[in-house]
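*Asks:* Structure below; questions to follow.
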Amino acid sequence: MEHRDGFDDRLRQARNRQGLDPDPAKGKGSLPTGPWGIGFRAGVEVVSALVVGVALGFGLDRWLGTFPWLFLVFFVVGGAAGVLNIYRLFNPRPGARP
Amino acid sequence: MAAEGKTIDALSQFELIPVLGPVGRAVGFSQSNAHMLLAVGLVSLLMLAGIRKRALVPGRLQAASEMFYEFIEKLVTGQVGHEGRKYFPFVFALFMFVLFGNLIGLLPYAFTYTSHIAVTLGLAATVFFLTTIVALALHGKKFFGYFFPEGAPLWLAPIIVPVELVSYLSRPVSLSVRLFANMVAGHVLLKVFATFVVLLGGLGMIGPVAALLPLSVNVLLVGFEILVAFLQAYVFAILTCIYLHDAVHLH
């Protein structure tokens, strides 16, 4: 909503003076970057990729009746996907994040 | 209750108990569902009461509701871009539901429905299916190019495609496990230290003095848990936005 007497401008200036507005450059939704946040996130990414890979391998094995083989393959694939997730955590796809 | 038989029973707080008597038992209406309804009611109440007056100078409720609105609106437009505005209601509802679940769960006697993997996985699966459907609707067949980066040698496809596929499928799992694990860990810690207070308090003369130690830890933990409640709701919302960005722009 625009105001007639430049109220918004004055309010913004006043808030800036008091340091109430967060820095617009960084406040725009970047993920929390504390060491614990990064560490926990990395751990969850690896484990979840591994879990999905193992579950997928088990499921396919039960369906196709090839017990250990697809499980072993997807175990490795899951591990690789976990590493890929970590890689994406620090190097997002080009242009994926502004 | 927690210290019955002098053991630490930190996990019974996550048990589902049917409420509303025989009717609730018949349809499986647990306290978790009741708290979900409570959270939805509170969110609706906050937003409706907040925008009722439409004052130029907002009161407290209006300021709170506008703050939440603008926060998520900035998040969505900042992450997804201008096209993302259509998905604002979804992200906003998701954020408020998770945030209120986390916060209500911190009240004594309340239940944290976000501490159940079934709930968080349900939310994450909704996000996953929504983003996949959005990507398919917007890009059609080109969506499958997502699993094979341009310029990679073709003979690597048998390796890259399964890895990318598993990585994509692991998104809802990591999204749900993160929220669930944070909430469970926080509540278990609170319960363990609260049990220490009770156990130490019963130790005769020095008991009450020694019990002050875990009590002060618990005071700090509650503050920390409020931080975690906001942070995890925020992380859930922002990851939803990142996935939506991937779905809309398909990089």
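*Asks:* For the stretch B:76-83, in order, what is each residue's ³J(HN,Hα) by Karplus, 6.51 cos²θ - 1.76 cosθ + 1.60 with θ = phi - 60°, in whole Hz (x at glycine and Pro)?
*Replies:* Once θ is set to phi - 60°, the couplings for the stretch B:76-83 become 5, 5, x, 8, 8, x, 5, 5 Hz.
*Asks:* Let me ask you something else. Quick one: give the max-minus-min coordinate of the C-alpha atoms of the stretch B:126-216 along each principal axis, largest first, in Å.
*Replies:* 75, 28, 15
*Asks:* May I ask you to evaluate 6.51 cos²θ - 1.76 cosθ + 1.60, the Karplus curve with θ = phi - 60°, for each residue of the stretch A:41-51 and list the ³J(HN,Hα) values in order in whole Hz, giving x for glycine and proline?
*Replies:* My calculation for the stretch A:41-51 gives 5, 4, x, 4, 4, 4, 5, 5, 5, 4, 4 Hz in order.
*Asks:* Select from B:20, B:61, B:239 the residue whose mean-square fluctuation is largest in a Gaussian network model of chain B (Cα-Cα springs shorter than 10 Å).
*Replies:* Comparing B:20, B:61, B:239 in the GNM, the peak value goes to B:20.
*Asks:* What Kirkwood radius, in Å to one decimal, follows from the Cα pairs of the stretch B:168-251?
*Replies:* Taking the inverse mean of 1/r over all distinct Cα pairs, the stretch B:168-251 comes out at 15.2 Å.
*Asks:* Taking amide H positions as placed in the peptide plane 1.01 Å from N, state which residues far from residue B:30 in sequence (5 or more) or on other chains have amide H under 5 Å from it.
*Replies:* The list, which skips near neighbours in sequence, is B:19.
*Asks:* Report the Rg/Rh value for the protein assembly as shown, based on alpha-carbon coordinates and the Kirkwood definition of Rh.
*Replies:* Ratio of gyration radius to Kirkwood radius: 1.02.
*Asks:* Shifting gears a bit: When the Karplus curve 6.51 cos²θ - 1.76 cosθ + 1.60 is applied with θ = phi - 60°, which whole-Hz ³J(HN,Hα) does each residue of the stretch B:12-23 get, with x for Gly and Pro?
*Replies:* Each residue's phi maps through the Karplus curve to give 5, 5, 9, 5, 8, 10, x, 10, 6, x, x, 5 Hz.
*Asks:* Rank these by accessible area, largest first, 1.4 Å probe: B:104, B:206.
*Replies:* B:206, B:104
*Asks:* How far, in nm, would the chain grow between residue B:117 and residue B:69 when pulled straight, counting 0.36 nm per residue and subtracting the alpha carbon separation?
*Replies:* This chain segment gains 14.5 nm when fully extended.
*Asks:* What residues does the stretch A:38-73 have that are buried by at least 20 Å² of accessible area in the full protein assembly compared to the chain on its own, 1.4 angstrom probe?
*Replies:* SASA drop of 20 Å² or more in the stretch A:38-73: A:40, A:41, A:44, A:45, A:48, A:52, A:56.
*Asks:* Now for a different question. Where the accessible area of chain B is counted over protein heavy atoms with a 1.4 Å probe, how much of it, in %, is carbon and sulfur?
*Replies:* It is 75 percent, rounded to a whole number.
*Asks:* Longest span of chain B, sites excluded, free of GluC sites (Glu not before Pro) in DSSP loop with at most 16 other C-beta atoms within 10 Å?
*Replies:* B:16-149
*Asks:* Let me know the longest stretch in chain B that avoids all trypsin sites (Lys or Arg not before Pro) found in a DSSP loop with at most 12 other C-beta atoms within 10 Å.
*Replies:* My reading of the result: B:55-251 is the longest stretch.
*Asks:* Only Lys, Arg, Asp and Glu count, each charged at its Cβ (+1, +1, -1, -1), so figure out the dipole size of the protein assembly as shown about its Cα centre, rounded to 20 debye.
*Replies:* Computed about the Cα centre, the dipole is about 500 debye.
*Asks:* Compute the Rg to Rh ratio over chain B from the alpha carbon atoms, using the Kirkwood formula for Rh, and round to two decimal places.
*Replies:* Ratio of gyration radius to Kirkwood radius: 1.07.
*Asks:* Continuing with the same structure: At a probe of 1.4 Å, how much accessible area disappears from chains B and A on forming the pair, both sides counted, to the nearest 100 Å²?
*Replies:* 2400 Å²
The values are calculated or read from the model by the stated rules, or taken from the named source; none is laboratory data. On a predicted model such as this, the values are computed, not experimentally measured, just so you know. Note that each Cβ is placed from the backbone with ideal geometry, even for glycine, and that neighbours are counted across all protein chains shown. The area values use the complete protein model at the heavy-atom level, side chains included, leaving out ligands, DNA and RNA. Shrake-Rupley method; radii C 1.70, N 1.55, O 1.52, S 1.80 Å.
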